[in-house]
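All of the numbers you see were taken from the coordinates with simple rules; none came from a lab. What you are looking at is a predicted structure, and each value in this text was computed from that prediction instead of being measured. Positions of Cβ are backbone-derived with ideal geometry, glycine not excepted, and every protein chain shown enters the neighbour counts.
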Amino acid sequence: MGNERPAFGVTMFATDDAMSVVQLASAAEARGFESLFLPEHTHIPVKRESPWPGGDELPRWYYRTQDPFVALGAAAAVTTSIRLATGIALVTERDPLLMAKQVATLDHLSGGRVLLGVGAGWNAEEMANHGVAFRQRWAVLRERILAMRAIWSDEAAEFHGEHVNFDPIHAWPKPAQPGGPPILLGAASKYAFARVAEYADGWMPIDRGGVDLAASMAELRAAMTAAGRDFDSLDLTVFGTGPDPDRVRRYLDMGFTRIVFGLPAAGADKVVPMLDRYAELAASVSR
């Protein structure tokens with residue numbers, strides 16, 4: 001996205017026993033954060049074989065998450081400028097016509113503040129309960145994204161694919177952002193770059209070991225060139241970063257344009273001091 005100043009956001013698992021999203025959104029906006037990202041899981045099956053990418057034991061907040069679009073709607077009502085973002089929305093677990101309506105409504109009501117971070121998910125058992133086979137998750141996500149883009153843009157939208165199929169429909173409101181909000185793909189496999197180049201507006205890897213983000217940026221640039229798209233048009237976000245100024249500076253030097261700091265799913269007594277710390281860090285690396 002050119003030479004724009006970096007943006008700084010925060011993310012937290014919005015749960016029934018953590019700081020409320022309404023309080024968090026107001027506090028984050030007051031401290032100058034550009035965006036608030038909310039993850040989602042509709043549920044976690046009790047019996048699960050899928051390994052959690054983050055480690056051995058799945059944290060309890062994964063099965064206590066609030067619906068991100070309902071929560072972001074509440075956040076929109078008490079804020080005026082902060083971007084309302086999903087990080088990530090599990091498109092594989094959402095009906096595309098309903099999701100298109102939810103996203104468009106939130107963007108319309110908030111005056112065009114939505115950022116849509118999306119992914120296919122890692123939990124095969126959770127996905128299966130939504131009727132999606134794990135091996136088909138990326139094909140399903142692709143068609144649902146393309147179908148939603150048509151709904152957000154066309155007077156009489158239609159889509160005909162293997163996983164999504166509907167004849168012309170009317171669906172309003174349209175998003176305040178023409179064509180719909182920016183779509184950031186949350187993935188870091190070797191296939192992610194071609195997917196970003198085909199149907200996304202940005203890339204959003206998790207700040208986690210095992211991925212060479214500098215090398216990945218070069219691969220993404222090559223994929224964009226092959227697709228005939230401008231690499232500098234991308235929204236490049238690192239997700240879930242901790243309070244390490246040197247690490248943040250390295251990401252900015254790589255060309256990332258947004259840093260999203262991770263917050264614990266905890267009460268205000270723990271979250272607010274971390275917001276202050278992150279705000280100070282963002283100010284220091286922006287000088």
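Note on the chain: helix-only mean residue ellipticity at 222 nm, from DSSP H runs of 4+ residues weighted -39500 (n - 2.57) and normalised by residue number, equals -11500 deg cm²/dmol. Restriction of the GluC sites (Glu not before Pro) in segment 195-287 to DSSP coil positions whose beta-carbon has at most 16 other beta-carbons within 10 angstrom yields no sites.
The alpha-carbon atoms of the chain define a convex hull whose volume equals 128 cubic angstrom per residue. Applying the Karplus relation 6.51 cos²θ - 1.76 cosθ + 1.60 with θ = phi - 60° to segment 202-218 yields 3J(HN,Hα) values of x, 10, 9, x, 7, 6, 9, x, x, 10, 7, 5, 5, 5, 5, 4, 5 Hz, where x marks Gly and Pro. Computed over the Cα atoms of segment 147-223, pair by distinct pair, the Kirkwood hydrodynamic radius stands at 14.4 angstrom. For the chain, modelled as a GNM whose springs connect Cα atoms under 10 angstrom apart, the maximal fluctuation among Gly131, Gly209, Gly119 occurs at Gly209. About its Cα centre, the chain has a charge dipole of approximately 320 debye under the convention of +1 per Lys or Arg Cβ and -1 per Asp or Glu Cβ, with nothing else charged. Relative to its Kirkwood radius, the Cα radius of gyration of segment 1-144 gives an Rg/Rh of 0.98.
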